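Since the structure comes first, as structure tokens, the remarks are kept for the end.
Any read-out appearing in this document is the output of simple, stated calculations on the displayed coordinates, not a laboratory observation. This one's a predicted model, so the numbers in the text were calculated from it and none came from an experiment. Here the Cβ positions follow ideal geometry from the backbone for every residue, glycine too, while neighbour counts run over all protein chains shown.
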Amino acid sequence: MKALTIEQWPLERLRPYARDLTKQDDATVARMADLVRTYGMRLPLLATSDGWIIDGKLRLKAVVTLTGDEVERLGLATLPVIPADDLRPEEVRALRLALKRSASWAPWDKEALAEELLDLEALDVDLSLTGFDEEELRALLGDVAATDLPTLPSGDKDPFQQMVFTLHDQQAERVKEALSVSKGMGHFDQELNRNSNGNALARVCDSFLAAHA
């Protein structure tokens, strides 16, 4: 097996495999494009020297949908590619399948995944940039009861608490609306808490308690 190298190829050199092995609709391509806009192209494509893509078809589709300004800003006029020329044609086709199939071999540890998402949310990370959609996030985080949350380590997080609530869709929309209004009322005390959602919720609660004292 030859040592791996990464080359920069122009988009027109790359040739997507004609057979769509996974259903990559416009919504899926748009989600990948959002990730590329945020993170850039961090994972090289895998292709034969004549351009046939082994792995990375969705990433290529996403880049093609970007505007010229976005392509220039992200430096994506060329893409990183690992050439794979030591495989026979039938091995290329088998590897293409294996790479797609192996991505779903290991099931998620839902408890550990929920803890990771909660940690990111506490850091004010947009969870849509983790690859999970709103329905998936609701299912994951809605299954975690407050009593099941991980114990926060001492140190920087010591005075903070993580809380999870299960809401109906209509209730969730009202909560989002309230948080949005709260955020629009002015800056928060960032020294106390840098999580904008937590600050917005605290402001809503302060207003409610003041009105019903």
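By the gyration tensor of its Cα atoms, with a ≥ b ≥ c the square roots of the eigenvalues, what is the shape of segment 1-59: rounded for a/c under 1.5, prolate for a/b over b/c, or oblate?
Working: a/c = 2.12, a/b = 1.36, b/c = 1.56.
Oblate, because a/c is 1.5 or more while a/b does not exceed b/c.
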**Q.** Label-to-label distance, nm, for residues given as residue 73 and residue 97 (7 Å Cα→Cβ offset)
**A.** 4.1
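Considering Cα pairs under 8 angstrom that are at least six residues apart, work out the relative contact order of the chain and quote it in whole percent. Don't skip to the end; give the middle numbers.
Values: 176 pairs, mean separation 38.2, N = 213.
In percent, rounded to a whole number, it is 18.
Answer rounded, prolate or oblate for segment 1-106, using the Cα gyration tensor with square roots of eigenvalues a ≥ b ≥ c: rounded when a/c is under 1.5, else prolate when a/b is larger than b/c, else oblate. Show your work: numbers first, answer last.
Numbers: a/c = 1.88, a/b = 1.32, b/c = 1.43.
Cα axes put segment 1-106 in the oblate bin.
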Q: Only one of the values (1) -0.75; (2) -0.68; (3) -0.60 was calculated from this structure for log10 I(q)/I(0) by the Debye sum over Cα atoms at q = 0.11 Å⁻¹; name its label.
A: (1)
**Q.** Estimated FRET transfer efficiency (residue 4, residue 163; beta-carbon r; R0 41 Å; 0.05)
**A.** 0.35
Q) Which residue, 116, 70, 91, has the most motion in a Gaussian network model of the chain that connects Cα atoms within less than 10 Å? A) 91
Q) Taking amide H positions as placed 1.01 Å from N in the peptide plane, with prolines and chain starts having none, which residues 5 or more places from residue 45, or on another chain, fall under 5 Å of its amide H? A) 81, 82
Q.
At 222 nm, what value in deg cm²/dmol follows for the chain if DSSP H runs of at least 4 each add -39500 (n - 2.57) and the sum is divided by all its residues, to the nearest 500?
A. -14000 deg cm²/dmol
Q. What lysines could a cross-link reach from residue 23, if we take a straight Cα to Cα line under 21 Å and drop same-chain neighbours fewer than 8 places away?
A. 57, 61, 100
Q. What ranking do 19-30, 35-46 get when scored by the average of other Cβ atoms within 10 Å per residue, highest first?
A. 35-46, 19-30
